[in-house]
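Participant: After the structure tokens below, expect a handful of questions from me.
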């Protein structure tokens, strides 16, 4: 089963929760960091890296000799990645989304597939755990295609359960990361910022119809607005992690908090039970629906 | 006209807390929340919306089932896995569609429409610290660099019209498209970081991005006292790279308590933490003069 750990906002504790869950998962598990802009999960899991490959997007390269300057490629490109300037065809690879439209419409086959590096896909192992992450090249704007490639690898290597550390926010990268999950864990904190972004995330992910539960991190720090909202909307609270300086310090030392702070292991084991139960129940309902 | 943007690489490092305080301290500035995905600055500044505009960007493909001839060209050509085939026929998954127009152009039956996409709203508001430009994307929309660029343009125009000489922006997390748009044309980036493995990792990545834009970098270490050794390490790194160290900011509940009261830190605790921030702001302005 696939579990996505998401949050409307960064810094609420997604990676902390992902790392703790992956560490105490007894069954075969693959930990996947899909926050390709700022992957951090490896800093806590310290996997032994077994392989790194580059991720590319296919971009057009112009064959000047064949080009008849008809402008068809420029006309189809929605991303302003191709222009005709003073009779010269100019391609701006960094603007290209790799849709392939220009190559498909060129009547002279004057555009040939080239490539732009998006970043790297890193694979590793730590004990019984498989590890996978994407890391976007600095200066590269397009995270979703690299995320897709990481997800493809995930399809090949994942044998047991999968824990996805999703990117922050509620825009397309975050949606993309949670879309195929069997259950989503929404990590939040009981502060006005946390609550505001939690609401956005709940609104964004609800239409996907995936079972969702909340983890309230730094509980006791702010007020109970998040808890009240969960009650009102029927969102189960699967775990509360108390506000505790010892946790912040353990995290700052790169430690997995379920191991480092007494009592938290049980909190995370309970969380795991809730996640698995929610996914299984949904699975059963799916059988009935079919 | 000068532009300062506050970024962090990582979410939750304290960008908005610092941005709110700086907004209070700045004179002659237009304020701007560039985090269009999960904006939070409005929670502190309580803006009174003066203007509201729709944000439309790009297009999305929509298949007219009655005209579809089931040739699967769209399915085969789409590079974004956005075409779905089910018992009801072919359809487009809006979350995955990048609006590249390939399916629209290549559909032999001309059965695909390409309407414009409404992605969210943007606002110009009055706050107790002056005019603020901000936005909210609809959940699941592309976290658009275009919207960030639009906000910056608006902020600049309004600053010029109002005789103000500074645009102060709360930036976006990550290093991808929205941050790249945030940094374009910016004079100074204040990078808020934390002494954690993720904090330093993300600082390094986002600072490298700033260098690519020739944007000056100044660093503020938030919650420095949760890991003094790591703080030293960050500061050594900054000295080595020639980044200005603005201030060490302690781990303090006041940051959350002020948020609960909808105040910025310099209002909530002017004599204590406020003093630190006043000095940091003075030093930030001095950097603009260099």
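Participant: Can you find a residue in segment B:89-103 that is touching a helix residue (DSSP H, G or I) at 6+ places or on another chain (Cβ under 7 Å) and more than 27 Å from residue A:174 (Cα to Cα)? Before you say what the answer is, go through the steps one by one.
Facilitator: Here is the first cut: in segment B:89-103, the residues touching a helix residue (DSSP H, G or I) at 6+ places or on another chain (Cβ under 7 Å) are B:89-90, B:95, B:100-103.
Filter once more, so that each one left must be more than 27 Å from residue A:174 (Cα to Cα): B:89.
Yes: one or more hits.
Participant: Also, I was wondering about something else. Any residue at all in segment A:204-214 that is in a strand (DSSP E or B), more than 11 Å from every other protein chain (Cβ to nearest Cβ) and under 20 Å from residue A:40 (Cβ atoms)?
Facilitator: The first filter runs over segment A:204-214 and keeps only residues in a strand (DSSP E or B), leaving A:212-214.
The next check asks that each one be more than 11 Å from every other protein chain (Cβ to nearest Cβ); those that pass are A:212-214.
Checking the rest, the ones that are also under 20 Å from residue A:40 (Cβ atoms) come to none.
There is no residue in segment A:204-214 that is in a strand (DSSP E or B), more than 11 Å from every other protein chain (Cβ to nearest Cβ) and under 20 Å from residue A:40 (Cβ atoms).
Participant: Give me the residue from segment B:137-169 that is under 11 Å from the mean Cα position of the chain (by Cα) and within 14 Å of chain A (Cβ to nearest Cβ) and, out of that set, surrounded by the fewest Cβ atoms within 10 Å (Cβ to Cβ).
Facilitator: B:149
Participant: Would you please name the residue that is farthest from the chain's Cα centre (by Cα), looking only at residues in segment B:172-201 that are more than 9 Å from chain A (Cβ to nearest Cβ), in a loop (DSSP other than H, G, I, E, B) and modelled with pLDDT of 95 or more?
Facilitator: Among those that are more than 9 Å from chain A (Cβ to nearest Cβ), in a loop (DSSP other than H, G, I, E, B) and modelled with pLDDT of 95 or more, it is B:187.
Participant: Would you be able to tell me the number of residues in segment A:146-171 that are surrounded by fewer than 24 Cβ atoms within 10 Å (Cβ to Cβ) and within 13 Å of chain B (Cβ to nearest Cβ)? I'd like the intermediate steps shown before the answer.
Facilitator: Taking segment A:146-171 as the starting set, the residues that turn out to be surrounded by fewer than 24 Cβ atoms within 10 Å (Cβ to Cβ) are A:148-149, A:151-161.
With within 13 Å of chain B (Cβ to nearest Cβ) added as a condition, the list becomes A:148-149, A:151-152, A:155.
Here the count works out to 5.
Participant: Out of curiosity, is residue B:204 part of a helix (DSSP H, G or I), free of Cβ contacts under 8 Å to residues at least 24 places away in the same chain and either in the same structural domain as residue B:36 (by the TED database) or over 18 Å from the mean Cα position of the chain (by Cα) (or both)? First the steps, then the outcome.
Facilitator: Numbers: part of a helix (DSSP H, G or I): yes; free of Cβ contacts under 8 Å to residues at least 24 places away in the same chain: no; either in the same structural domain as residue B:36 (by the TED database) or over 18 Å from the mean Cα position of the chain (by Cα) (or both): yes.
Answer is no for this residue.
Participant: Hey, another quick one. Restricting segment B:87-107 to residues that are farther than 22 Å from residue A:152 by Cβ and more than 13 Å from chain A (Cβ to nearest Cβ), which is surrounded by the fewest Cβ atoms within 10 Å (Cβ to Cβ)? Walk me through it before giving the result.
Facilitator: Taking segment B:87-107 first, the residues farther than 22 Å from residue A:152 by Cβ are B:87-91, B:99, B:101, B:104-107.
Adding the requirement that they be more than 13 Å from chain A (Cβ to nearest Cβ) leaves B:88-91.
Working: B:88: 8, B:89: 12, B:90: 22, B:91: 17.
The qualifying residue surrounded by the fewest Cβ atoms within 10 Å (Cβ to Cβ) is B:88.
Participant: Taking the condition more than 14 Å from residue A:214 (Cα to Cα), surrounded by 12 or more Cβ atoms within 10 Å (Cβ to Cβ) and either in contact with a strand residue (DSSP E or B) (Cβ under 6 Å, 6 or more places away or on another chain) or free of Cβ contacts under 8 Å to residues at least 24 places away in the same chain (or both), does residue A:261 pass?
Facilitator: Working: more than 14 Å from residue A:214 (Cα to Cα): yes; surrounded by 12 or more Cβ atoms within 10 Å (Cβ to Cβ): yes; either in contact with a strand residue (DSSP E or B) (Cβ under 6 Å, 6 or more places away or on another chain) or free of Cβ contacts under 8 Å to residues at least 24 places away in the same chain (or both): yes.
For residue A:261, the condition - more than 14 Å from residue A:214 (Cα to Cα), surrounded by 12 or more Cβ atoms within 10 Å (Cβ to Cβ) and either in contact with a strand residue (DSSP E or B) (Cβ under 6 Å, 6 or more places away or on another chain) or free of Cβ contacts under 8 Å to residues at least 24 places away in the same chain (or both) - is met.
Participant: I would also like to ask the following. Residue under question is residue B:58, and the condition is that it be in contact with a strand residue (DSSP E or B) (Cβ under 6 Å, 6 or more places away or on another chain), within 10 Å of another protein chain (Cβ to nearest Cβ) and either farther than 30 Å from residue B:134 by Cβ or surrounded by fewer than 20 Cβ atoms within 10 Å (Cβ to Cβ) (or both); does it hold? Even if it seems obvious, please write down each step before you answer.
Facilitator: Numbers: in contact with a strand residue (DSSP E or B) (Cβ under 6 Å, 6 or more places away or on another chain): yes; within 10 Å of another protein chain (Cβ to nearest Cβ): yes; either farther than 30 Å from residue B:134 by Cβ or surrounded by fewer than 20 Cβ atoms within 10 Å (Cβ to Cβ) (or both): yes.
Answer is yes for this residue.
Participant: Let me ask another. Would you pick out the residues in segment B:129-140 that are in a loop (DSSP other than H, G, I, E, B), touching a strand residue (DSSP E or B) at 6+ places or on another chain (Cβ under 7 Å) and in contact (Cβ under 8 Å) with a residue 24 or more places away in the chain? Before the answer, list the steps.
Facilitator: Kept after step one, since they are in a loop (DSSP other than H, G, I, E, B), are these residues of segment B:129-140: B:129, B:138-140.
When the remaining residues are screened for being touching a strand residue (DSSP E or B) at 6+ places or on another chain (Cβ under 7 Å), the result is B:129, B:138.
Hit for segment B:129-140 is B:129, nothing else.
Participant: Within 11 Å of another protein chain (Cβ to nearest Cβ) and surrounded by 24 or more Cβ atoms within 10 Å (Cβ to Cβ), is that true of residue B:37?
Facilitator: On the way: within 11 Å of another protein chain (Cβ to nearest Cβ): yes; surrounded by 24 or more Cβ atoms within 10 Å (Cβ to Cβ): yes.
So residue B:37 passes the test.
The values are calculated or read from the model by the stated rules, or taken from the named source; none is laboratory data. Every value quoted in this text rests on a predicted model; they were computed, and no experiment measured them. Here Cβ is always computed from backbone atoms with ideal geometry, including for glycine, and neighbour counts include all displayed protein chains.
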